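Below is one structure, written out as C-alpha cells; the observations come after it.
Coordinate-derived values only; no laboratory data. Remember, it's a predicted structure, so these values are computed and weren't measured experimentally. Please note: Cβ atoms are built from the backbone with ideal geometry, for glycine as well, and neighbour counts cover all protein chains shown.
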Amino acid sequence: MLEIANLEVVYNDVVLVLRGLSLEVREGQIVALLGANGAGKTTTLRAVSGLLDVHEGDITKGTISYNGVEIHDNDASKTVRSGIAQVMEGRRVFAEMTVDDNLRTGATTNKNATSVKDNYDNVMEMFPVLATRRKDTAGYLSGGEQQMLAIGRALMANPTLLILDEPSLGLAPLLVAQIRDVIVDINKQGTSVLLIEQNANMALSIADYGYIMETGKVVMDGDADKLLGDEDVQEFYLGLHTEGGRRKSFRDVKHYKRRKRWLS
Amino acid sequence: MIAQAVSQSGVDKFVNALGSGVALGAIYALLALGFVIIFKATQVVNFAHGAIAALGAYLVSYFAVTINIPGRWMTFAPDWLQWSLSALVAVLLTAVVGMIVERITIRPMIGEPLFAIAMITLGLDLIIRTTTNDLLDNTNAGLGDPFGLEVLTFGALRLDAAQIATIGVTIVVVLLLMWFFRTRTGVAVRATAFDQEAAMAQGISVGKVFAIAWGIGAALAALGGIFSSVGSRGAAGVSPFTALIAFRAFPAIIIGGLDSIAGAVAGGMIVGVLEVMAGTYLGGISWLGTGFSGIVPWLVMMAVLLVKPYGLFGTEEIRRV
C-alpha cells in the first residue's frame, strides 16, 4: 500500500534528517513508527504528505509510492486526494473556527455530497462529544476533544490510509486509552493506519507491525508482539527491563554495543 | 418659533451629516473589506490597495467613456445599465490583475518574512500607480456615470443618487461575502487564514486560496475606487490622487480589526461618520485648522488601539491556559 524506499530528506540544503529510510504499510494494517525526539518521525510524515516544502525540506533520494503510484513529487492536496489523510502533531485544529467548520475543511477534497454527509455522520457517531459541541469554537475544546476533532477532520477526507503523529501527546492516560480504541475502530472500518508515536506501549499494543527509528533511519523492525517482547525496546521505550530488581541505568549501558545490536 | 426653527435645522444638519457619513463610510468599508480579505487569507499588508482602487476607477473610465464597451453593442439598453456593465467589466478585470499580481509577486514569497512581502506591495503600489497615472496622462478622467447631481429626499435626509448606490452596493457586497464565507471555498479561505500548513494538510490548495483572496480584494478595492470617483463627491472623476483614498480608509481597517469582515464594515462606518461629523461641526473652529476632519479618524484609531489592541472586532489569539 504505502512503500517508502531508501528515503533521504534534507532541510535547507544542509541538514540531512532522513538517511535512507525504508518502511511499508500493508493494506488493513496498523503500523507503528517509534523513535525518540529528533529521530525523523515527523519528517517522514511531511515527506509522505507533501508538506516538506513548507519547512524548506527536499527529498534528495529514494521513493515514496502509494498503491503502486509514486507520490513523492505530489503536493499536499494531491496526496490527500490519493487517499492519505493525516492528524498532525499538536492537533492543529483551526482554533477560531467552529467544530463543524473544522470538519468541513477535512472534506475539501471530497466533492461527493452524499459521501461527505456519511462521513460526517460517522464522525459524530464515533465521537458523540463532538455532536454536542458542533457550534462551539474549536479552541475552547479540551485537549482530548481537540484530538478527537483532529481525527474526525482527517476522516472527513474518506482516507484509505490515516497517518497520526503522536496522538497521545499531552493527554491523560484515560484519554490515551480512548484514542487508542478509536484508532482500532477506524482500522476495523477498513482504514490502514501509520501511527507515529513516542508512547511505544500504546502504539505497539494495537499495531500489527512496528519500526523503530534512530537518527533518520530504521534501526529495528518486526511484528509488534515481537518488538514488545524485545529486551532493548522494553528497556529504552517501555522502561520495563530490570536487573536483579534494579532498573538499569543508562550509565551502565555501553551505547556502542546497543547500536551494534540495533543494527545487526 | 425661532428656537424651534433653529432646532429643526440642527436636526436636519445632523441627519444629513449622518447620511453623508454613512455613504462615505460605505466607500471606506468596501476598501477595508478588500484589504482585510487579503490580509486574513495571506497575512499580507497590501500597500498597493489604493493603487488597485485607482486602476479600477480608471478602467471604468476607459470602458464606459473612451471605448464605450459594452455600451456600443447594446444601444437599446438604458444608460445606467450600460454604465453598470462597463463597471462590472472593469471590476472583473481589476480582479484578474490582482490575481496575476499575486501569482507573479506574492506566491513565490510564501514562507518568506512578511516585511519583505510588504516591501514588494509597496513597490507594486508605485508601479500600478505610475502606470495608471501615465494612462490618465496625469490628469482627471470622468467615469461617465449616470448618477449626475440628482438629490433624493427622504424626510430631512438628502442623499444624492451616487451615495444611495454606494450604500446599496456595499450592502449587497457584505451579504455576498457572508454567503461566500459559508461555502466550501470560503471555509477553505478561513482555514488558510488561521493555519496555512494545517490547511494544506487537509488538501486545501493554499495557492488557489491566495489567488481567490487577491481577486476578491482587488475587486473590492476597484469598487471603492469607483464609488469615490462618481457623483458629487467624485465629480472630478479618477485622478492621480484617487489612490490616496486607501490611506484615508486605513483607520477603518485598524479600528475594525485587521482580520475581521464585520470589523471592516463597522470601522468604515465609524470613520466615515466621524469624518463628516467633524467636518460639519468642527469645520468652523479656526484654531483646529482646515484638515482636522481628516485627523479625527486617526485620533479615534489610536484611542481604540490603546483599549483594544486587536481592534473592535479583531480576533484575539486563543491560547490554552
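A few comments on the model shown:
- Projected label distance in nm at B:Ile104 and A:Ile206, using a 7 Å step from Cα toward the beta-carbon: 5.2 nm
- Separation of alpha-carbon centers, the stretch B:85-124 and the stretch A:143-206, rounded to whole Å: 41 Å
- FRET efficiency estimate (nearest 0.05) - Cβ-Cβ, B:Leu92 to B:Ile127, R0 22 angstrom: 0.55
- Ellipticity estimate at 222 nm from DSSP helix runs (n ≥ 4, -39,500 (n - 2.57)) divided over chain A, nearest 500: -10000 deg cm²/dmol
- Trypsin sites (Lys or Arg not before Pro) restricted to DSSP loop in the stretch B:240-321 with at most 16 other C-beta within 10 Å: B:Arg319, B:Arg320
- Residues whose placed amide H lies under 5 Å from that of A:Glu166, excluding near-sequence neighbours: A:Ile196, A:Glu197
- The stretch A:28-62-the stretch B:205-263 distance, computed between alpha-carbon centres (Å): 42 Å
- Order of B:Met269, A:Met156 - criterion: other Cβ atoms within 10 Å of each residue's Cβ, fewest first: B:Met269, A:Met156
- Extended-chain gain in nm, criterion 0.36 nm per residue less alpha-carbon gap, A:Asp53 and A:Val14: 12.6 nm
- Note on B:Trp179, B:Trp214: ascending count of other Cβ atoms within 10 Å places them as B:Trp179, B:Trp214, the fewest first.
- Peptide A:101-110, shielding by other chains (average Cβ, 10 Å cutoff): 6
- Spherically averaged projected area of the protein assembly as shown from its Cα convex hull (nm²): 35.7 nm²
- Mean partner shielding of peptide A:139-147, defined as the number of other chain Cβ atoms within 10 Å of each residue Cβ, is 1.
- Of A:Lys117/B:Lys40; A:Lys41/B:Lys208; A:Lys41/A:Lys78; A:Lys135/A:Lys188; A:Lys111/A:Lys135; A:Lys188/A:Lys226, those spanning more than 25 Å from alpha-carbon to alpha-carbon: A:Lys117/B:Lys40; A:Lys41/B:Lys208; A:Lys135/A:Lys188
- 16 Å cut-off, amide nitrogen to a point 7 angstrom out along A:Ala177 Cα→Cβ, residues in the stretch A:84-111: none
- Other residues within the sphere of radius under 13 Å centred on the Cβ of B:Ala243, judged by their own Cβ, net out at +1 (K and R +1, D and E -1).
- With the simple model of a label 7 Å out from the Cα in the direction of the Cβ, A:Asn122 to B:Arg182 spans 2.8 nm.
- Converting phi to 3J(HN,Hα) with the Karplus coefficients 6.51, -1.76 and 1.60 and the offset θ = phi - 60°, the stretch B:61-68 yields 4, 5, 6, 7, 9, 5, 10, 6 Hz in sequence order, with x at every glycine or proline.
- In terms of surrounding Cβ atoms within a 10 Å radius of their Cβ, B:Arg107, A:Arg153, A:Arg92 rank from fewest to most as B:Arg107, A:Arg92, A:Arg153.
- Gain in span if fully extended, B:Trp287 to B:Gln43, counting 0.36 nm per residue against the direct Cα distance: 83.7 nm
- Rounded to the nearest 20 debye, the dipole size of the stretch B:2-307 about its Cα centre is 380 debye, using +1 on the Cβ of Lys and Arg and -1 on the Cβ of Asp and Glu.
- Computed over chain A, relative contact order equals 25 percent, with contacts defined as Cα pairs under 8 Å that lie 6+ residues apart.
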